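Notes follow once the structure below has been shown.
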Amino acid sequence: MHKTCTAVLLLLFTSFVGLSQNNFYSSLTIDDNLKQNANAVVRLSETNVEIKSIDNMVITNKQIITVFNKKGDRSVNSAVYYDNNVKVKEVKAIMYNDFGTVIKKFKKNDFKDVSAVSGGTLYSDARNIYLEYTPIKYPYTLEFTSVVNTSNTAFIPSFSPVENYFLSIEKSKYTISYPENFTIRKKEQCIKGLDIDAKNSDGNITYTLSNVEAFKPESYSPPFRSIIPRVLFASNDFNYEGVKAKVNDWESMGKWFNDNLLKGRTALPAATISEIKSLINEDDSDLEKARKVYQYVQDNTRYISVQVGVGGMQPISASNVDRVKYGDCKGLTNYTKSLLDVVGVKSYYTRLYASPYNRLDVDKDFVSFGGQTNHVILNIPQENSEDIWLECTSQKLPFGFIGDFTDDRDVLVITPEGGKILHTKKYEEDESLQTITATCEIGNDGGLKTEVKVVSEGIQYDNKFWLETETQRDLDTHYKKRWKYINGLSLNEIDVTNNKDAIEFVESLKFNTSSYSKLIGERMLVAVNVLNRDIDIPNRYRTRHLPLQIKRGFKDVDEVEIKLPTNYKIESQPKDVVIENKFGSYKMTITPKDENTIIYKREFIVRDGDFPKEDYTSFRDFYKEVSKKDNAKIALIKK
């Protein structure tokens, strides 16, 4: 992480000396450097966090932001979250035109007050107050001020001045004050090399950051949150929903969580206990027991979000989930754990940050739930093999498969003895395997008939198992899009099978097209890679700023028998190919089976990993070469 931060900051963040202007309301006073690549500029951001006691925190925010275009509207933070424990004391806004003249003032009654959650949530006390305003003209400047008071001190706002790509920062200031008998911990991320001033005294910490230029997203780069400047804060003593805590490491945090938020929530009705026990055979292993319990949960419950009061962190009881047959990730995980307790299988409630795009670890060295966890899964420890991880919200995922939503990251496993940082399943490239076997027949007219079987495992399984529930019409559209380089594709048979026991997704298809090959006089050009051409070359950057990150590796193995047209013979064919480098490998061979039949074999491996930005050109060249070889053609000539 430190290498990543350093590489990014040296190029993306430019330091300037002082502020050359005092007028934050006119867009005309913005430094030209801050306008580069920017849809908006934060002119001034001030966050003041005042911890008055273990159960009393006041947060004051003021932001002045100039917006240049519609995309910049996304960076306007004019919303305030509240619930039964967060009270909005003040909210107001002022709109200015290009010259810094007031257009309109907004009071609290001018703001919308809506639920803060989507329709997928059954009930929640979380709400948002936000400003709904359609700009008449760009650029404009908005000044937004809010003051909230909360009794929860478990989540102290971080200093996160850069919230989006294409957003520049003119000045951002963060202050936290607290009783001198409190211990406030902090962790700095990616702030070296910036124009930043940090002051630390008894009961007071201040950070001021100036002149950060906007930067643009780049393909194959690390998660946004891991490359932006941030300072995280947490208190050893805090209050959460009336429950006091004193922690200084993940072990004590996990112990507090177990004893205060989990204990006493696993009781089940006698009828359910009897039903679960009836599913288990005397000679079933713990693994077989767990598999049956997981299937029972999938068959008898459904996911729906529940976030009220302590429910933001605490699961609803297992008995309630059993009664209503639904729950959120917390409730369903606790329910599954409770059922496993009944049959004597040990399992642990696990908190983590879930996302297929931002694979973020729970920080081993910084103890705080704030921003580090957003999801719950279940851990089943194994003595002589990899631990099993269960995604209890899914009715479709196979037992023990978690996919890219929660794979390969550090997580907090909560045990009765305390919290432990463990790592979830990583799917290596050999495990994320796609195997293609097919027979193709090229007609004398250049047409193509194909029968293909595709078997996908690991992350490649995760990318496809959802096809099981698609209609035939949707499947037809999907495959025509997958093989978009085959003109006039007509699908005759489509059969997909989700083998959940083997965790394999199998696709069997038959299709044809009348115009696959290219006819030129006496010759015919036939692309030998019919079914798996890599045509998506990574974007080109004149100057690469961000490091290269390949998030997940994979392996493709293809073997295709191609029957050539009877009226033609081979005039020339591509040479065999072997490419090997730090990013992976590519192998391709074409061998004759008989006078009119060839066997095309292809193996493509991509390895995950973190690489310096200087490697990006070589990585892109690797993909360009693969794409070139995937488009190689055999030249046939009439006999």
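Looking at (1) surrounded by fewer than 20 Cβ atoms within 10 Å (Cβ to Cβ); (2) within 18 Å of residue 452 (Cβ to Cβ), can you tell me which one residue 562 breaks?
(1)
Which residues, counting only those in the range 525-556, are over 27 Å from the mean Cα position of the chain (by Cα), assigned to a strand (DSSP E or B) and β-branched (Val, Ile, Thr)?
The answer is 526, and nothing else.
Quick one: would you say residue 503 is of a type in the set (A, V, I, L, M) and at pLDDT below 95?
In short, no.
If I filter the range 486-498 for residues that are within 23 Å of the chain's Cα centre (by Cα) and closer than 30 Å to residue 301 by Cα, do I get at least one hit?
no
Right, residue 352: in contact with a Lys or Arg (Cβ under 9 Å, 6 or more places away or on another chain), buried (at least 21 other Cβ atoms within 10 Å of the Cβ), at pLDDT 95 or above and not polar (S, T, N, Q) or not?
When the stated conditions are applied, residue 352 passes them.
Please pick out the residue among 400, 419, 331 that is assigned to a loop (DSSP other than H, G, I, E, B), touching a strand residue (DSSP E or B) at 6+ places or on another chain (Cβ under 8 Å) and either in the same structural domain as residue 224 (by TED's automatic domain parsing) or not β-branched (Val, Ile, Thr) (or both).
400
Restricting the search to the range 489-519, which residues are over 30 Å from residue 399 (Cα atoms) and touching a residue at least 24 places away in the same chain (Cβ under 8 Å)?
Of everything in the range 489-519, those that are over 30 Å from residue 399 (Cα atoms) and touching a residue at least 24 places away in the same chain (Cβ under 8 Å) turn out to be 489, 510, 511, 512, 513, 514, 515, 516, 517, 518, 519.
Inspect the range 284-291 for any residue being polar (S, T, N, Q) and not assigned by TED's automatic domain parsing to the domain that holds residue 85 and give the result as yes or no.
yes
Of a type outside the set (Asp, Glu) and either closer than 30 Å to residue 550 by Cβ or surrounded by fewer than 19 Cβ atoms within 10 Å (Cβ to Cβ) (or both): does that describe residue 214?
yes
Hey, does the range 287-300 have a residue that's in contact (Cβ under 8 Å) with a residue 60 or more places away in the chain and assigned to a loop (DSSP other than H, G, I, E, B)?
No, the range 287-300 has no match at all.
Having 3 or more residues that are in contact (Cβ under 8 Å) with a residue 60 or more places away in the chain and more than 29 Å from the chain's Cα centre (by Cα) is the bar; report the strands (runs of 3 or more DSSP E) wholly within the range 178-275 that clear it.
Output list reads 237-240, 243-246.
Quick one: which strands (runs of 3 or more DSSP E) lie wholly within the range 52-171 and hold at least 3 residues that are crowded, with 17+ Cβ neighbours inside 10 Å and at pLDDT 90 or above?
56-67, 86-96, 140-150
Considering each of 368, 385 in turn, give the residue that is surrounded by fewer than 17 Cβ atoms within 10 Å (Cβ to Cβ) and assigned to a loop (DSSP other than H, G, I, E, B).
Of the residues listed, the single one that is surrounded by fewer than 17 Cβ atoms within 10 Å (Cβ to Cβ) and assigned to a loop (DSSP other than H, G, I, E, B) is 385.
Go through the range 433-448 and report how many residues are out of contact with any Leu (no Cβ under 7 Å at 6 or more places or on another chain) and assigned to a loop (DSSP other than H, G, I, E, B).
Matching residues across the range 433-448 total 4.
The values are calculated or read from the model by the stated rules, or taken from the named source; none is laboratory data. It should be emphasised that the depicted structure is a prediction, and the values quoted were computed from it without experimental measurement. Counting neighbours? That spans all protein chains shown, and the Cβs are built from the backbone with ideal geometry, glycine included.
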